[in-house]
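Only one structure is covered here, and it is reproduced in the block below.
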Amino acid sequence: MKLIGLMIACALAAAAAGETILIRDADVYPVTEKDMKNVSVLIQDGKIADIGPKIVPPKGARIVEAKGLRVYPGMIDSGTELGLSEIESVRETVDTGELGEFMPQLKALIAVNPDSEHFGVVRVNGITSVMTFPSSGGGGGGGGGRFGGGERQLISGQAALIHTEGWTWEDMAIKRSAAMSVMFPSLSRGGRGGYVPDNMVEIPGQGGVAGSAANLRRQYDEQIAKLNDFFENARRYQKAKEAHAPGFQTDLKFEAMLPVLEGKVPVTVSAAHAGTIHDAIQWAKKQNVKLVVLQPREIGKAGPELKAENIPVIFGRVLALPETEDSPYDQAFTLPNEAYKAGVKFAFGTFTNEFVRDIPYQAATAVAFGLPYEEALKALTINPAQIWGEGDQLGSVEKGKVADLIVTDGDPLTEQTHVKHLYIRGKEVSLENKQTRLYERYMSRN
């Protein structure tokens, strides 16, 4: 009976994905082109088949009357643990990583729980896709440096670009290996201590700040040496495989590194300060790998270098406190505009599941502090699609692209706006979630 039920469910899902839908008389905001007023969008076989003012609906098409409504591409959060972590304080619900110094063969995708309640909550605010990252230090949560900074691991595995709806993790997958997560070391004391200047880290054998800085420098050099050795061993493996060397044996860790060495998969590193960003760029150039910088807290002198090397960044939460006591109150608010002025491509990520649904308002805050509105919208749509290698399929409302769309009653970056319809791969997805169910339950209580 279970098998029959599964077959019926799969058949229904396939039928829904192939449904023909006409969203009629809406205002369309493609992101990559000029806005279009009072036009229709035709969805067929999961893709955008046509956009125009006078589209004749095919026989059997479902008509969605959208007069006065807006159509946008679905939004993308470029930094989450969605599907991997349900309740952070309950370790049985957290499967974000494994122990081990180098674990490039681990794939976040296969650990994704498609029944996670988080997916329904984020869909209601227009998020149709996310990057879900493994993190260092094991899967129990609460240690080891989630999203960078962990000392127990240097490579934590492969991040995946996924849809926020699907029956299985295979069904949700957009790009199974979208990035390799590297825990790049930094000369930072953490907390409110900030970055350690070079003139301090070079004072060995001293107590206090200088002694601590010397230890940081030693640990940093050791970790960089380990990373370099691992990449060099991966290259030896690559050459041996290509040469069909006698006695060659498959190694899963090095196999996972091949797309990185071939430039097909970028490396992501968390780098908060301009000095760490510079070090990461120089390391990536030395290793000849593509780089994406996560969660910078400053751009500064690194801006021209990021632009020159065409390296994108993923900002963490804009609604964040200043990093140090002496930092400007609007440090995080103005950072996206600083990157925009420097010519650096960027996208937004929340890097914690509880704030994924608020990512439109993170972008809106950046707009209030100088970032052009159009750039904020791009940073939630076409920019992340391009950064993760799916710009030809996602991120804009264009003919031929996957129909990941939201239909709203206003600007999606404002809290007053409601998402009326949401489509993933051309299938309309319910906006019901745990919070709406609880609301209905208690509102109907006698």
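Pairs spanning more than 23 Å between alpha-carbon atoms, out of Lys264/Lys399; Lys37/Lys345; Lys241/Lys264: Lys264/Lys399; Lys37/Lys345.
Converting phi to 3J(HN,Hα) with the Karplus coefficients 6.51, -1.76 and 1.60 and the offset θ = phi - 60°, region 314-325 yields 10, 6, x, 4, 6, 7, 10, 6, x, 6, 10, 4 Hz in sequence order, with x at every glycine or proline. Once the Cβ-Cβ distance of Ala243 and Ala308 is raised to the sixth power relative to R0 = 30 Å, the FRET efficiency obtained is 0.25.
To the nearest 10 degrees, how steeply does helix 359-368 sit against the main Cα axis of the chain, on a 0 to 90 scale? Taking the Cα atoms of the chain, the angle to 359-368 is about 80 degrees.
In terms of other Cβ atoms within 10 Å, Thr381, Thr417 run from fewest to most in the order Thr417, Thr381.
Less than 5 angstrom separates the built amide H of Phe346 from those of Val313, all sequence-distant by 5 or more or on a different chain. Counting only DSSP beta bridges with both residues in the chain, the antiparallel share comes to about 60 percent. The reciprocal of the average 1/r between distinct C-alpha atoms defines the Kirkwood hydrodynamic radius, which for the chain equals 23.2 Å.
Computed from backbone phi, the HN-Hα couplings of region 285-297 come to 5, 4, 7, 6, 10, 6, 10, 10, 9, 9, 6, x, 9 Hz, rounded to whole numbers (Karplus: 6.51 cos²θ - 1.76 cosθ + 1.60, θ = phi - 60°; Gly and Pro given as x). The long axis of helix 331-342 is offset from the longest Cα principal axis of the chain by roughly 90 degrees. The overall shape of region 308-446 is oblate: from the C-alpha gyration tensor, with semi-axes ordered a ≥ b ≥ c, the ratio a/c is 1.5 or greater and a/b is no larger than b/c.
Under the combined filter of DSSP loop state and at most 11 neighbouring Cβ atoms within 10 Å, region 321-358 retains these chymotrypsin sites (Phe, Trp or Tyr not before Pro): Tyr329.
Angle of helix 208-242 to the longest C-alpha principal axis of the chain, folded into 0 to 90 degrees and rounded to 10: 70°. The distance between label points at Thr32 and Arg441 comes to 4.3 nm (points 7 Å beyond Cα on the Cα→Cβ vector).
Using Cβ counts within 10 Å as a stand-in for footprinting exposure, how do Lys59, Lys107 rank, fewest first?
The most exposed by this proxy come first: Lys59, Lys107.
With a cut-off of 13 Å between beta carbons, the residues surrounding Thr32 carry a summed charge of -2, where Lys and Arg count +1 and Asp and Glu -1. How do Glu242, Glu325, Glu165 rank when sorted from fewest to most other Cβ atoms within 10 Å of their own Cβ? Ascending Cβ contact count within 10 Å gives the list Glu325, Glu242, Glu165. Assuming a ≥ b ≥ c are the square roots of the Cα gyration tensor eigenvalues, decide whether region 308-360 counts as rounded (a/c under 1.5), prolate (otherwise, with a/b larger than b/c) or oblate. In terms of gyration-tensor shape, oblate.
A short reminder: the numbers here are calculations on the coordinates, not readings from a lab. All values reported here derive from a predicted model rather than from experimental measurement. Glycine also receives a Cβ, built like all others from the backbone with ideal geometry; neighbour counts cover every protein chain displayed.
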